[in-house]
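The values are calculated or read from the model by the stated rules, or taken from the named source; none is laboratory data. The shown structure was predicted, so the numbers you read here are calculated from the model rather than taken from an experiment. Quick reminder, even Gly has a Cβ in these numbers, built from the backbone with ideal geometry, and neighbours come from all protein chains shown. We work out accessible area using only protein heavy atoms, side chains counted, and drop any ligands, DNA or RNA first. Shrake-Rupley method; radii C 1.70, N 1.55, O 1.52, S 1.80 Å.
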Amino acid sequence: MITPLTCPICGGKLHIVIETGLAVCDACQRTFDADPADVKKYGDLLRDAERLMRQNIVAGYEDAIRLFASIPFVSGAKEKQADCEKRLKELQDRIERHRAFLHREDEKNTKLGIILLILTIMFAVAAISGIVYLIILWSKGALSRTAIIVIVSVIVIAAALALFSRLRGGN
Ligand SMILES: [Zn+2]
């Protein structure tokens with residue numbers, strides 16, 4: 001026997017209450033015994049949908065909504081479907097906000113990268129000009145031995161620091 005979905009007395013819509021195994025008419029409130037096999041089947045569907053809902057993931061909510069929507073005549077299914085839709089919306093909003101946040105971070109990092117590149121180029125130009133200037137001074141014999149040792153030390157340390165920071169940066 002398959003539980004009818006319309007009231008045999010008044011033709012109103014019936015809803016099935018899993019807990020009591022009854023079919024109740026929305027219009028005249030008469031109650032009928034639902035087929036136990038149907039009650040079990042719809043009860044299992046309801047539990048499956050609730051389990052999917054508890055996963056708290058987009059796919060879980062979507063599957064749960066489909067299951068709840070397939071049994072609108074089961075008591076509580078419509079409310080749970082609406083609850084699912086609300087939670088799904090909240091979850092999707094959270095995911096969207098996170099995505100927007102990551103995008104902003106990405107843009108910030110790109111800007112920072114460009115600024116660092118410009119600073120590096122400016123520093124390199126300044127360093128090369130300085131070295132050329134020093135070579136001119138040196139060729140004219142205007143640099144003392146101490147000055148040359150200091151300049152070479154500074155260049156070696158700067159090169160070592162640049163190399164170190166590049167290695168630490170990983171790229
Ligand atoms: Zn009825």
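Scanning segment 24-72 for residues that are aliphatic (A, V, I, L, M) and touching a His at 6+ places or on another chain (Cβ under 7 Å) yields a count of 1. The lone criterion from (1) without any contact (Cβ under 8 Å) to a residue 24 or more places away in the chain; (2) among the β-branched types (Val, Ile, Thr); (3) open to solvent by less than 80 Å² (accessible area, probe 1.4 Å) left unmet by Ile135 is number (3). Return the residue satisfying two criteria in turn: it lies in segment 1-49 and is open to solvent by less than 20 Å² (accessible area, probe 1.4 Å) and closer than 16 Å to Lys80 by Cα, and of such residues it is farthest from the ligand (Cβ to nearest atom). Per the criteria, the residue is Ala49.
Residue pairs whose Cβ atoms lie under 8 Å apart, sitting 6 or more positions apart in sequence or on different chains, and linking a residue in segment 77-93 that is under 12 Å from Ala59 (Cα atoms) to a partner that is among the charged types (D, E, K, R), are Leu88/Glu62. Number of residues in segment 58-94 that are over 26 Å from Asp44 (Cα atoms) and either loosely packed, with under 10 Cβ neighbours inside 10 Å or of a type in the set (D, E, K, R) (or both): the value is 3.
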